[in-house]
1. For the range 83-105, which residues satisfy the criterion of being out of contact with any Phe, Trp or Tyr (no Cβ under 8 Å at 6 or more places or on another chain) and assigned to a helix (DSSP H, G or I)?
2. Which one is surrounded by the fewest Cβ atoms within 10 Å (Cβ to Cβ) among residues in the range 90-114 that are of a type in the set (Val, Ile, Thr) and within 23 Å of Leu143 (Cβ to Cβ)?
3. Considering only the range 134-163, state which residues are surrounded by fewer than 23 Cβ atoms within 10 Å (Cβ to Cβ), out of contact with any Ser or Thr (no Cβ under 6 Å at 6 or more places or on another chain) and among the charged types (D, E, K, R).
4. What's the number of the condition Tyr174 fails, among (1) free of Cβ contacts under 8 Å to residues at least 60 places away in the same chain; (2) under 23 Å from Pro71 (Cβ atoms)?
5. Can you pull out the residues in the range 164-177 that are crowded, with 17+ Cβ neighbours inside 10 Å, of a type outside the set (Gly, Ala, Ser) and either closer than 21 Å to Asp95 by Cα or out of contact with any Gly (no Cβ under 9 Å at 6 or more places or on another chain) (or both)?
6. Any chance the range 61-73 includes a residue that's at pLDDT below 95, among the polar types (S, T, N, Q) and assigned to a loop (DSSP other than H, G, I, E, B)?
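The values are calculated or read from the model by the stated rules, or taken from the named source; none is laboratory data. This structure is a prediction, so every number in the text was calculated from the model and none was measured. Note: ideal-geometry Cβ built from the backbone for every residue, glycine included; neighbour counts use all protein chains shown.
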Amino acid sequence: MEENMPDQEEIQKKEPVKRTVTMQGRPMTLLGEEIKVGMTAPDFKVTDNDMLPMKFSRTCTGKITIISAVPSLDTPVCDLETRRFNKEAEALGPDVNVLTISMDLPFAQKRWCGAAGIKAVRTYSDYQKADFGKSYGVLIKELRLLTRAVFIVDKDGIVKYAQIVPEASNEPNYEEILHAVRAMV
């Protein structure tokens, strides 16, 4: 009877690994494959604040890119994070792109950026197809929002840093992110 039983390794190959984060203590399921350091950064298409499509591979090639995924710019932690990256982006110089991606509608992002004085960070919306969220494994199944995560992609399109914040209502580790970027500049 034991001969026909699948071993643990076979079971793990068939069942996808369930990845989770928490949001205000509640477990949430992440959709998409986990992005790891050393991988080629997946391409994705999102919408800019003027309702125009932006394809990552056409816009960010040849520069170091920090991609900050947030649940919504209209929440206190996402607001703080994007303002912090805006301040840091000015100091990092022209060889570094900083993107913030959320499921907020482009109209709301444009309004928020204007009110917050955001000039160095470009905000993009993943609201249409969740292409970024699925490609980077940061789409929260239960809420159809992005979890808080930061990726750094080098000039050649290779992921050099990946941080998925375990509790989505917490800020990322800025010092670790900035140290990683400065080592690349």
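1. Arg83, Phe85, Asn86, Lys87, Ala89, Glu90, Ala91, Leu92
2. Narrowing the range 90-114 to residues of a type in the set (Val, Ile, Thr): 96, 98, 100-101.
Those left that are additionally within 23 Å of Leu143 (Cβ to Cβ): 100-101.
On the way: Thr100: 24, Ile101: 26.
For the range 90-114, the residue satisfying everything is Thr100.
3. Correct list: Lys134, Glu142, Arg144, Asp154, Lys155, Asp156, Lys160.
4. (1)
5. Hits for the range 164-177 are Val165, Pro172, Ile177.
6. yes
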